[in-house]
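Each remark here refers to the structure printed beneath this line.
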Amino acid sequence: MKILVTGATGFIGQHVVSQLIFRGHSVVAIGRDEDIACSFEWYKQVEFICFDISSVHNNLIERLTQCDATIHLAWNGLPNYEELFHFEKNLFADYFFLKSLIKNGMKHLLVTGTCFEYGMKNGCLSENTPTEPSNPYALAKDTLHKFLVNMQQKEFFSLQWARLFYIYGEGQGANSLLSQLDRAIDNGDLSFNMSKGDQLRDYLHVEEVARRLVLLLENPNYNGVTNICSGEPISIKQLVEEHIKKRGVQMQLNLGFYPYSDFESKNFWGKSSTFDKNGKLIL
């Protein structure tokens, strides 16, 4: 298939493009910075288009809708989850871009959402858990999902909404937990400042996330919401300790240096009705 990927140069996008190529698909990749795109091994194997989806041109939309399906990953301004631009700007930019694709014949969308759509809930979160977003980013994502579901009443297209939990791996943001830990290790620091670390989270490596997204796309009969998660809760302290052990160093953890986050509940993890814990589609 010929797949359109927005946000192709982002943390997840770069791995999704690689996975698509590995699985034999042709790719039209969209990103805002071609210099970044050039740094990836896949650059010469894709059709790269440099533009911002907030500036939609009809002739470009017609070109993009020659693709068989879209994986929509683009979203500006992360990880600033509590900024108002998520629903003041991003929500409508993304909605009108996706609407333009659909109006011009796109029949299959896979769009990434977030576990934050579930809100400040503790425990195991399944796809049937009601959404109660409590920050602007989550509110914008949840609203975009509702917009697209409502649009399906007037337009025929397949919608796969993939709610992402916590992701780590090559290319993650510099301010992410493990990126900060790696910097501390590389700097030879003897201690690492963190929260108490007893919070339970659901982490999945970015390459596995990319594999699941592509596998989901290849099976359009799996409609609706899918949690992209490990299904296995792990404490942040254990995650950090395992990473330190993997790096082969000794480091003291300064637990309780930072307070708990005010935009996420203390203990939550995902459950998927689409993938089992080994990452296989549930038939």
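The values are calculated or read from the model by the stated rules, or taken from the named source; none is laboratory data. Predicted model, so just to flag it, every value in this text is computed and none were measured. Here the Cβ is made from the backbone with ideal geometry for all residues, glycine too, and neighbour counts use every protein chain on show.
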_So, in the range 256-283, exactly how many residues are part of a loop (DSSP other than H, G, I, E, B), surrounded by fewer than 16 Cβ atoms within 10 Å (Cβ to Cβ) and on the phi < 0 side of the Ramachandran plot?_
15
*Output the residue which, of all residues in the range 71-108 that are among the polar types (S, T, N, Q) and outside any helix (DSSP H, G or I), is surrounded by the most Cβ atoms within 10 Å (Cβ to Cβ).*
76
*Determine if the range 47-54 includes at least one residue that is under 17 Å from residue 76 (Cα atoms) and polar (S, T, N, Q).*
yes
*Do you know which of the residues in the range 156-175 that are touching a Pro at 6+ places or on another chain (Cβ under 9 Å) and surrounded by fewer than 16 Cβ atoms within 10 Å (Cβ to Cβ) is nearest to residue 276 (Cα to Cα)?*
173
*Can you name the residue in the range 1-43 that is small (Gly, Ala, Ser) and part of a loop (DSSP other than H, G, I, E, B) and, of all such residues, is surrounded by the most Cβ atoms within 10 Å (Cβ to Cβ)?*
8
*Might you let me know whether the range 116-128 holds any residue that is part of a loop (DSSP other than H, G, I, E, B) and touching a Leu at 6+ places or on another chain (Cβ under 6 Å)?*
no
*Examine the range 218-227 for a residue that is modelled with pLDDT of 95 or more, of a type outside the set (Lys, Arg), touching a Phe, Trp or Tyr at 6+ places or on another chain (Cβ under 6 Å) and not in a loop (DSSP other than H, G, I, E, B), and state whether such a residue exists.*
yes
